[in-house]
1. Looking at Ala370 and the list (1) without any contact (Cβ under 8 Å) to a residue 24 or more places away in the chain; (2) touching a Phe, Trp or Tyr at 6+ places or on another chain (Cβ under 7 Å); (3) surrounded by 14 or more Cβ atoms within 10 Å (Cβ to Cβ); (4) hydrophobic (A, V, I, L, M, F, W, C), which single condition is not satisfied?
2. Condition (residue is part of a helix (DSSP H, G or I), open to solvent by less than 60 Å² (accessible area, probe 1.4 Å) and either touching a strand residue (DSSP E or B) at 6+ places or on another chain (Cβ under 6 Å) or charged (D, E, K, R) (or both)) applied to segment 28-37: is it met by at least one residue?
3. Considering only segment 285-335, state which residues are among the charged types (D, E, K, R) and either out of contact with any helix residue (DSSP H, G or I) (no Cβ under 7 Å at 6 or more places or on another chain) or under 15 Å from Tyr248 (Cβ atoms) (or both).
4. Which of the residues belonging to segment 102-127 are of a type in the set (A, V, I, L, M) and within 23 Å of the chain's Cα centre (by Cα)?
5. Does Leu365 satisfy the criteria of being over 32 Å from the mean Cα position of the chain (by Cα), under 25 Å from Lys218 (Cβ atoms) and free of Cβ contacts under 8 Å to residues at least 12 places away in the same chain?
6. Here is a list of conditions, (1) within 30 Å of Ala343 (Cα to Cα); (2) out of contact with any helix residue (DSSP H, G or I) (no Cβ under 7 Å at 6 or more places or on another chain); (3) open to solvent by 80 Å² or more (accessible area, probe 1.4 Å), and Gln414 meets all of them except one; can you say which number that is?
7. Open to solvent by 50 Å² or more (accessible area, probe 1.4 Å), at negative phi and of a type outside the set (Val, Ile, Thr): is that true of Ser91 in this structure?
8. Would you confirm whether or not segment 64-77 contains a residue that is hydrophobic (A, V, I, L, M, F, W, C), more than 30 Å from Lys8 (Cα to Cα), in a helix (DSSP H, G or I) and over 28 Å from the mean Cα position of the chain (by Cα)?
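The values are calculated or read from the model by the stated rules, or taken from the named source; none is laboratory data. Source: prediction; values computed, not measured. Here the Cβ positions follow ideal geometry from the backbone for every residue, glycine too, while neighbour counts run over all protein chains shown. Ligands, DNA and RNA are stripped out before the accessible areas are found, and what is left, the full protein with its side chains, is counted by its heavy atoms. Shrake-Rupley method; radii C 1.70, N 1.55, O 1.52, S 1.80 Å.
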Amino acid sequence: MDLAAELKACQELASTSSQDAVAKLKALVLNDTNDVEAVKVKEQAIQSLCEVEIKQQNAKGLSDLLSQLRSFFGIIPKAKTAKIVRSIIDSIAKIPGSTQLQVDVCKEQVEWAKSEKRTFLRQRIELRLATLYLETKNYQESLALIGTLLSEVKKLDDKLLLVDIHLLESKVHHALRNMPKSRAALTAARTAANSIYVPLQLQAEIDCQSGILHAEEKDYKTAYSYFFESFEQYNTLDETKAVDVLKYMLLAKIMLNQADDVPAIIGSKAGLKYTGKEVDAMRSVAKAYQDRSLQTFQDVLVQYKEQLVDDEIIHAHLTALYDTLLEQNLVRIIEPFNRVEIAHVASLISLPVDKVEQKLSQMILDKKFAGTLDQGAGCLVVFEEPPSDAVYPTALEVFESMGRVVDTLFTRSQKVVA
């Protein structure tokens, strides 16, 4: 039986017996025949083997495959080797809970690429390793690897790889809350991207990161524009990341106090495509915000913990939104009173007394309202807002006018002397 027919038989077997298919596909891949036609069939066999192993959730089998294929990699062109290695690592990534194995595989492949002097492949695997360090929160190791890569790639002037590295650097600095460095890295990525053709997926990532950084600066209007661009691109590619970017779009609308627009975005043609728990979570947040209900807001965070609390970007902004809602509710409750028990305010807002007391104290210090806490009596004393004194602003205007007059007289005196 020739190799092509053997491959077809293995693919048919995969639908009934995955275990037997894996054994036969491995035998086919590790076959000694290496002519042009055989190499082509082997590439297809490797792809089929990866699909079967993913179905079986066998990440270890895929990592062993990389070691077994090294003699085959010595025969085929370097570009094809790079493609196959990255394809197998991508397949391991599709198996849940394989992050640590991916790190080990990447380290092993980097060492092999170094020994074989395959610089192009090594740099791309190192970039993948730095991304995995970011996912596992090993930020310093990720930055160290990025620093080494940057110095190498700048000499080679590989613009596309440079864009990827700067974008990853921006994400790591953002995770470390170092916003100036994160913005600088993103600007460097954009600068490098301007001089080359950037694949749609990479452009979507750049736009998404831009939106995230603008949202950190509370510029939600610009952030929404970037998220919208990113969502359109991911939607065109049918990427699963599109749903996350849609969440960020809806978050930007809520933070802009435009929660009314959320149902319209969800009900649009593109929005309906991603109906599910992620979108339902944001719809519930928008409803709680419109109702100004703290209790509903907290219930939503508990109900959709995985979609809201576990997403660090969403959670950070929702925490700020919760604080704003809490302040608005407290100001509305204490408005009719000159003196009110803190326990009564806490019962009206359905929150613990110590939390309400802490928030009121913070609001007084932030000058959100004039008042003081009488902790002996457990009361909040609210003062009348003092009338603004018009004398001081007028005095400042007079001084400013006098300054301009003196400057003019000085200029004229200089001309007379001249």
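1. The failed condition is (3).
2. Of the residues in segment 28-37, the ones part of a helix (DSSP H, G or I) are 28-29, 36-37.
Applying the additional criterion that residues be open to solvent by less than 60 Å² (accessible area, probe 1.4 Å) yields 28-29.
Remaining after also requiring either touching a strand residue (DSSP E or B) at 6+ places or on another chain (Cβ under 6 Å) or charged (D, E, K, R) (or both): none.
No, segment 28-37 has no match at all.
3. Lys287, Asp291, Asp299, Lys305, Glu306, Asp310, Asp311, Glu312, Asp323, Arg332, Glu335
4. Keep residues of segment 102-127 that are of a type in the set (A, V, I, L, M), which gives 103, 105, 110, 113, 121, 125, 127.
Scanning segment 102-127 gives Val103, Ile125, Leu127.
5. Details: over 32 Å from the mean Cα position of the chain (by Cα): yes; under 25 Å from Lys218 (Cβ atoms): yes; free of Cβ contacts under 8 Å to residues at least 12 places away in the same chain: yes.
Yes; evaluated as a whole, the condition is true for this residue.
6. (1)
7. Values: open to solvent by 50 Å² or more (accessible area, probe 1.4 Å): no; at negative phi: yes; of a type outside the set (Val, Ile, Thr): yes.
Considered against the rule, which asks whether it is open to solvent by 50 Å² or more (accessible area, probe 1.4 Å), at negative phi and of a type outside the set (Val, Ile, Thr), Ser91 comes out as no.
8. Of segment 64-77, the ones hydrophobic (A, V, I, L, M, F, W, C) are 65-66, 69, 72-73, 75-76.
This time we only want the ones that are more than 30 Å from Lys8 (Cα to Cα), so: none.
Checked against the condition, which is being hydrophobic (A, V, I, L, M, F, W, C), more than 30 Å from Lys8 (Cα to Cα), in a helix (DSSP H, G or I) and over 28 Å from the mean Cα position of the chain (by Cα), segment 64-77 yields no hits at all.
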